[in-house]
Amino acid sequence: MSTSVREFKMPDVGEGLTEAEILKWYVQPGDTVTDGQVVCEVETAKAAVELPIPYDGVVRALHFPEGTTVDVGTSIIAVDVAGGAPAGPEAAPAAECKRYPTTDVTN
């Protein structure tokens, strides 16, 4: 895997629990994510918790489907943090969009 891809691991959500079930993914491969954005909801034996991603990037892979129980410390999502923004007009900053006046160039 490229060094620009970061793996987000199932965190220890507290109270010594060693696993959590992925209840719901809020993102899919190709989606852009930002630091602090909730990417999934997991449930432990004690509570349901929403997990925020700790960096900006583009989702490359979800390693487990909804309904899977995952051990703490296991990678659950891969994010390309090298600025792999989606292509297309929506990815271009507004400052780069210039309009030039039209002129009638008739001789």
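A few points about this structure:
- The residue that is farthest from Ala82 (Cα to Cα), among those in segment 24-40 that are open to solvent by 60 Å² or more (accessible area, probe 1.4 Å) and not in a loop (DSSP other than H, G, I, E, B), is Lys24.
- Of all residues in segment 59-78, those that are under 13 Å from Val27 (Cβ atoms) have Cβ atoms under 7 Å from Cβ atoms of residues that are basic (Lys, Arg) and open to solvent by 30 Å² or more (accessible area, probe 1.4 Å), 6 or more apart or on another chain, in Glu66/Lys24; Ile76/Lys9; Ala78/Arg60.
- Of the criteria (1) touching a Phe, Trp or Tyr at 6+ places or on another chain (Cβ under 8 Å); (2) in contact (Cβ under 8 Å) with a residue 60 or more places away in the chain; (3) in a loop (DSSP other than H, G, I, E, B), which one Arg6 fails: (3)
- Screening Glu43 on (1) over 19 Å from Ala82 (Cβ atoms); (2) charged (D, E, K, R); (3) exposed (fewer than 14 other Cβ atoms within 10 Å of the Cβ) shows it passes everything except condition (3).
The values are calculated or read from the model by the stated rules, or taken from the named source; none is laboratory data. Fair warning: this is a prediction, and the values are worked out from it, not measured in the lab. Note that each Cβ is placed from the backbone with ideal geometry, even for glycine, and that neighbours are counted across all protein chains shown. Areas reflect the complete protein model, heavy atoms only, side chains present, ligands, DNA and RNA absent. Shrake-Rupley method; radii C 1.70, N 1.55, O 1.52, S 1.80 Å.
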